[in-house]
Amino acid sequence: MPTSGDALSFNVLGPLEALRAGRFVTPSAAKQRNALAALLLSANSYVSQDYLIERIWDANVPKNARDALFTIVTRLRHTLGGQEELIRTRSGGYIMCLEPDQLDLLRFRHLAEQTEQLRGALALWRRPLLANVPSESLHRDDVPQLVEERLTATERLVEICLRRGHHDETIRILREATADHPYREHLWAQLMTALTRSGRRAEALQTYHGVIANLRDELGIDPGRHLVRVHADILADARRPAGTPLVRPRQLPPDLARFTGRTAALERLDEMLWPNEQRPAIAVIGGAAGVGKTALAVHWAHRVRDQFPDGQIYLDMRASGAEPRVEPFAALGTMLRSFDVPAERVPGELDARSALLRSTLAGKKVLILLDDAGDAAQVRPLLPNSESLVLVVSRSRLSGLAALDGAQHLILGQLDTGESLALLATLLGARRVDAEPGAAAELAHLCGHLPLALAIGAERAGRRPDADLADVVDQLRDERARLDLLSVDDDPKASLRAVLARSYDTLDSRSARAFRLLGLHDGPDIGLGAAAVFLGTSQTEARQLADSLTHRCLLELVGRDRYRFHDLVRIYAAERATEHERETVRKTLLRQGFSCHSAA
């Protein structure tokens, strides 16, 4: 490979450019430019001789094309510094081998995968695109694919800006994009939406009439369904008489004023939730008790609620805990009443209620947040069939929703150290955390980096603002008292033990006993063989039981056939074992656990 002083870089997102150590070495010969552009557009991939021949000569292919191609590639290598390894010969073709930072197209694709880097990705594009490359076939067949990548990234950035209320930026981006691509109806629909949300409804309507006139005059076609629907939605709002009631439920719980961290999870939600005309977007947010699933869902829902102007529904499905579970039949009745469906129109059968909900929400953009769902059967009847969004919070994975309904999973883990300290600084004040960085870090560790435990620990520390954090840390070091200390006496929702108990109480008897017995293992993790010994079962049955606990986010799979409890979950499991297992059983398993741990 070239040394740093001879480093080559290439640009194709504008005029074709080749640079060595910052100096232009772009080939002056047109056929070499054609060949170089074709190789760069397929960087690090095999390119056949036939493909290159067509890109170099178009319809004027010489009789000795393969020999001529060999000569062009040889000269191109020389022009670029004589590096044989740069353009490698393969059977019947070539590969141009580049590092990601050597080509602007590779940098663009890498950045475009990251939500927060979309602006940087689009900033790499220049104009005109490959104007100094004369190949007609390349501009006909390859350049449109590049343009499509740019448009897709632009539309993603616009959606994110719309969700975050950045309407002025959105309008600026779309003005430029629609000027370049006047027949891209989705861009016009986004522009009309941005104009409407920025209070420029008349301008949005004028934009629509200009678009349909252009489509009919230039192409002889009518606008597509999506553009027509956006126009109809704007008209419906504009024509609604003053004082006419419009049922748009706004049921989201209050956002947490002190929500901190979870940047990666929020970005992941931005990327994965894209409703379309055929089906809603569905996300299942899972994770252990106390990890902050509901807080994340509510916070993100508030961030994007403007994208769902027809309403936001919140339902606590109560799949865990002492209160009766909310069954789909009752949930559907609640949802239909939220949209002011008269009681006499609500059917008495589950399937009919589900169908009526889909009809009621047809063509509407609604956000539905289902908290503490237990299984797919509890959720599936509540799914709309429109451009809506369904957020499901569950302590189980709800794999059936992924398999049959296209749901995507986001499994939350514990906070990292930086996020934990930032949360403590928000709850206790940065000055207090900065004054005792070691104690603050240990407090975060003893709270298992769980947001609920951190909030309770911070509340305990906040009772004595003049005391040292080290005093609270010293109390929490005792495992036997830790869950007692991570509880607020007058609020079961602010008790880590009570929250863990809600998950434990959903287990069948076999899984519950496996949970208790595995809690007696004192190693950092446990292999399948050791788990089978602890449970007194075969490895096959041990795997089934471990998978059941993993499915409910009570146990983590950390490697092939290796499992681990979160520290606070392990303490709780050991407590349950003390309550329910005979002392002789516990002593035997503790000895076995020591042997397994020593052997490992």
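Where a number appears in this text, it was derived from the coordinates with a stated rule and is not lab data. Here the structure is a predicted model, which means the values were calculated and not measured. Here the Cβ is made from the backbone with ideal geometry for all residues, glycine too, and neighbour counts use every protein chain on show.
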Note to self, the chain gives a 222 nm [θ] from helices alone (DSSP H runs n ≥ 4, -39500 (n - 2.57) apiece, / all residues, nearest 500) of -15500 deg cm²/dmol
Length-normalised contact order of the chain, Cα under 8 Å, at least 6 apart, in percent, tallies to 9 percent
In order over segment 396-402: 3J(HN,Hα) from phi, Karplus 6.51/-1.76/1.60, θ = phi - 60°, whole Hz, x for each Gly or Pro, gives 10, 6, 6, 4, x, 5, 6
Here FRET efficiency (C-beta to C-beta, Arg216 to Thr71, R₀ 35 Å, nearest 0.05) is 0.10
Hull volume per residue for segment 417-496, using the convex hull of the C-alpha atoms, in Å³ is 79 Å³
Here, His166 and Ser198, labelled 7 Å along Cα→Cβ, have an inter-label distance in nm of 1.3 nm
Which residues qualify? For Gly93, with a placed amide H closer than 5 Å and at least 5 residues away or on another chain, they are Gln49
Given a Förster distance of 30 Å, the FRET efficiency implied by the Cβ-Cβ spacing of Arg229 and His181, rounded to the nearest 0.05, works out to 0.90
Taking a label point 7 Å from the Cα of Ser48 along Cα-to-Cβ, the residues of segment 61-75 whose backbone nitrogen sits under 19 Å from it are 61-70
Highest mean packing first, using Cβ neighbours within 10 angstrom, the peptides 130-138, 463-471 sort as 130-138, 463-471
Straight-line reach check, Lys365, cutoff 15 Å on alpha carbons, 8 or more apart in-chain or any other chain, hits among aspartates and glutamates -> Glu159, Asp233, Asp237, Glu277, Asp306, Asp310, Glu387
A chain fully extended from Asp351 to Gln251 at 0.36 nm per residue, minus the present Cα-Cα distance, gains in nm 33.5 nm
In the chain the DSSP beta bridges are antiparallel at a rate, in percent to nearest 5, of 45 percent
Of 102-111, 140-149, 43-52, ordering from highest average Cβ density within 10 Å down gives 102-111, 43-52, 140-149
Everything considered on the Cα gyration tensor (a ≥ b ≥ c; rounded for a/c under 1.5, else prolate if a/b is larger than b/c, else oblate), the chain must be described as oblate
In nanometres, the difference between 0.36 nm per residue of separation and the alpha-carbon distance of Glu99 and Asp306 is 70.4 nm
Under the 7 Å Cα-to-Cβ spin-label approximation, Val488 and Arg127 lie apart by a distance in nanometres of 5.6 nm
Rounded to whole angstrom, the alpha-carbon centroid of segment 145-221 lies from that of segment 1-78 at a distance of 36 Å
In whole angstrom, the spacing between the Cα centers of segment 460-533 and segment 306-382 equals 34 Å
For Tyr314, other-chain or 5+-apart residues with amide H closer than 5 Å (H placed, Pro excluded) are Gln251, Leu369
Taking r as the C-beta separation of His580 and Ala403 and R0 as 25 Å, the FRET efficiency to the nearest 0.05 is 0.10
Between Ala30 and Thr115, the two model label points (7 Å from Cα along the beta-carbon direction) sit apart by a distance in nm of 4.8 nm
Most packed first (mean Cβ within 10 Å per residue), the peptides 447-455, 261-269, 88-96 order as 447-455, 261-269, 88-96
